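Everything below concerns the one structure shown next.
The values are calculated or read from the model by the stated rules, or taken from the named source; none is laboratory data. Quantities reported herein were computed from a predicted structural model and do not represent experimental measurements. Neighbour counts are summed over all protein chains in view; Cβ atoms, including those assigned to glycine, are modelled from backbone coordinates with ideal geometry. The area values use the complete protein model at the heavy-atom level, side chains included, leaving out ligands, DNA and RNA. Shrake-Rupley method; radii C 1.70, N 1.55, O 1.52, S 1.80 Å.
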Amino acid sequence: MEDKGRESDHLMLITPERVFYAGLLGRPRKRTPGCCHIYVAVKGSLHLTIDDVHTSDELIVTLPNQRHSIASDYRTAISVTLEPESMPDGVIEALAERLRGPDKATYARKILAAYALLRQRRYGDITTAEFDEMCFGEALARRALDPRVTRAVARIERFTGEPVTADTCAAEAGLSASRFLHLFKEETGISFRSFRAWKRARHLLHFANQDLNLAHLAQDIGYPDSTHFSHSIRRFYGLKPRAIFVGSRDLAIYRSTETVRLAEAS
């Protein structure tokens, strides 16, 4: 499903477990996103900084919760993101090793070809397996979550504006809060609080090209106030919310059928 048809080479395809973004990087501070990023240069090189160590290349991988900054020689760059809870432990690390290896240029060309395909087709009806095939030439392994955790994840991702608490999810799962929190982290590899914070910030992407009152958007997504909203977005993305919206005015956003279904169920 497309949001705001635009004649632009800047686009973003959002699925529940993946995002394909081709657009501006801006001039961010260091960012600490809760996902794996695969950055690919459209032209020239990308420049990564982690712990004051600088790296330049055509393809760069960062792991979930790895604090970094990224810059590009060219105004448009590509970012493919993978949600860590969607894959078994070790899959992202193994993929990162392959992407950084001798076949790096091949993977970069594959992702650039995916960008060209998305620019032509401009649609979002795609499964996670199809997304992975398009970008990496193979479907990555899927993590099978405990149904009680799956229900909690679905509740978090409804974004009704009401806060989702561990107590609420624990009661629905028939567990004590402490047992539920242990189960959630054991199943996803992420603490409940960190998972909820990242998914709330990720949900902002759906609205990035819209002209909205940011204070109202923050409330709708579930932030207690504008200060908390701004601080969280800057921590995850390295940019103020307003800068993200200004830089996304010509961004075409597409959502997978599954993403639309989840939104309609909220």
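Are any of the residues in region 247-256 in contact with an Asp or Glu (Cβ under 6 Å, 6 or more places away or on another chain) and outside any helix (DSSP H, G or I)? Within region 247-256 (the criterion being in contact with an Asp or Glu (Cβ under 6 Å, 6 or more places away or on another chain) and outside any helix (DSSP H, G or I)), the answer is yes, since at least one residue qualifies.
Based on this model, can you work out whether Ser194 counts as open to solvent by 60 Å² or more (accessible area, probe 1.4 Å), of a type in the set (S, T, N, Q), in a helix (DSSP H, G or I) and over 26 Å from Ile233 (Cβ atoms)? Criteria not met by Ser194.
Per the conditions (1) farther than 30 Å from Asp220 by Cβ; (2) of a type in the set (A, V, I, L, M, F, W, C); (3) in a loop (DSSP other than H, G, I, E, B), the sole criterion not satisfied by Val164 is (1). Taking the conditions exactly as written (of a type outside the set (Gly, Ala, Ser), over 17 Å from Thr15 (Cα atoms) and in contact with a strand residue (DSSP E or B) (Cβ under 9 Å, 6 or more places away or on another chain)), does Tyr237 satisfy them or not? The answer is yes for Tyr237. Of all residues in region 196-234, those being touching a Ser or Thr at 6+ places or on another chain (Cβ under 6 Å) and closer than 27 Å to Cys169 by Cβ number 2. Scanning region 28-61 for residues that are of a type in the set (A, V, I, L, M) and either surrounded by 14 or more Cβ atoms within 10 Å (Cβ to Cβ) or not assigned by the TED database to the domain that holds Ala77 (or both) turns up Ile38, Val40, Ala41, Val42, Leu46, Leu48, Ile50, Leu59, Ile60, Val61. Restricted to strands (runs of 3 or more DSSP E) entirely inside region 20-72, those with at least 2 residues that are modelled with pLDDT of 95 or more, among the β-branched types (Val, Ile, Thr) and within 19 Å of Leu95 (Cα to Cα) are 36-41, 59-62.
Of all residues in region 139-148, at least one satisfies being over 30 Å from Asp103 (Cβ atoms), assigned to a helix (DSSP H, G or I) and either open to solvent by 70 Å² or more (accessible area, probe 1.4 Å) or modelled with pLDDT of 90 or more (or both). Note on region 96-115: residues that are closer than 13 Å to Cys135 by Cα and either at pLDDT below 95 or of a type in the set (Asp, Glu) (or both) total 0. The residue pairs whose first member lies in region 142-154 and is in contact (Cβ under 8 Å) with a residue 40 or more places away in the chain and under 13 Å from Arg196 (Cα atoms), whose second member is open to solvent by less than 40 Å² (accessible area, probe 1.4 Å) and part of a loop (DSSP other than H, G, I, E, B), and whose beta carbons are closer than 9 Å, counting only pairs six or more residues apart or on different chains, are Ala152/Val164. Just one of (1) within 22 Å of the chain's Cα centre (by Cα); (2) surrounded by fewer than 14 Cβ atoms within 10 Å (Cβ to Cβ) fails for Arg119. It is (2).
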